[in-house]
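Colleague: Please see the structure below; I have some questions.
Rule-based calculations on the coordinates, nothing more; no lab input. From a predicted model like this one, the values you see are computed outputs, not experimental measurements. Reconstructed Cβ throughout: ideal geometry from the backbone, glycine too, with neighbour counts over all protein chains shown.
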Amino acid sequence: MAFALTPEREQEVDDILTRYPERRAALLPVLWLCQRQNGWISPEVVEYVAERLELSTAIIKGVVTFYTMFFDEPVGENVVWVCRTLSCDLRGGKAIQDHLEKKLGCTAGHTSSDGKFTVLKAECLAACGQAPMVQINDYYYENLNVEQLDRILDAHATKGGEAAAAEFSTFASFGSPRGSGGGSATSAPPPPTKEAVRLASQPPPPGDTTGEDA
Ligand code: FES
């Protein structure tokens, strides 16, 4: 079945196209809009973008496979990026990954059987000062230990991404997560909550700090 954006997002595409002298320059923001609606860049999305921007499907597939934040296969309702670069690993990043995999029953690169979470390893997400951290959808959760992580995952599973982020997130990297009905890459992030400020000011978690790789 052919992919189509909602009328609101079609209007956003029209607005994006006015910013650039060439249609192909709008490729990244248009792909973001499509992924926010569809969850991943399916073959039907590739066809849609190719037609809308007058590009070949090969160019679009090349871009999608180059950038790790575009998904070329289906992912769970929530995507958990666990940072495994040096600062996070020195402060328990491997223990965070191990706990995620055990709790969700899937290894990094895979999706939990209930479809709620996909776990992915990430290179430095630029929050080294608050390591260890994970990004879930568009939101950062920093200075973590496994107990906090459990509360955050449970909130995402039961209350939804926006409610979980409002309660626990320390930073929003983009706008609202997909399915929220809004969400543009230029939305202002919400201010940190009291809980977020408390988590961010806690001392480093005990436990695995060897940085041993998986
Ligand atoms: S090493 Fe994890 S945010 Fe930089």
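Colleague: Cα-Cα over 28 Å: which of Lys61/Lys102; Lys61/Lys121; Lys61/Lys94; Lys61/Lys116?
Modeller: The answer is Lys61/Lys102; Lys61/Lys94.
Colleague: Hey, another quick one. List the residues whose amide H sits under 5 Å from the amide H of Ile136, counting only those 5 or more places along or on another chain, with H placed 1.01 Å from N in the peptide plane.
Modeller: Amide H neighbours of Ile136, under 5 Å, 5+ apart: Trp81, Tyr141.
Colleague: Once the other residues with Cβ under 13 Å from the Cβ of Asp14 are scored (Lys, Arg +1; Asp, Glu -1), what is the net sum?
Modeller: 0
Colleague: I need the shape label for segment 7-66. Rule: rounded when a/c is under 1.5, else prolate if a/b > b/c, else oblate, with a, b, c from the alpha carbon gyration tensor.
Modeller: oblate
Colleague: Near the amide H of Lys121, under 5 Å away, which other amide H atoms are found, from residues 5 or more places off or on another chain, if H is placed in the peptide plane?
Modeller: Val82, Gly109
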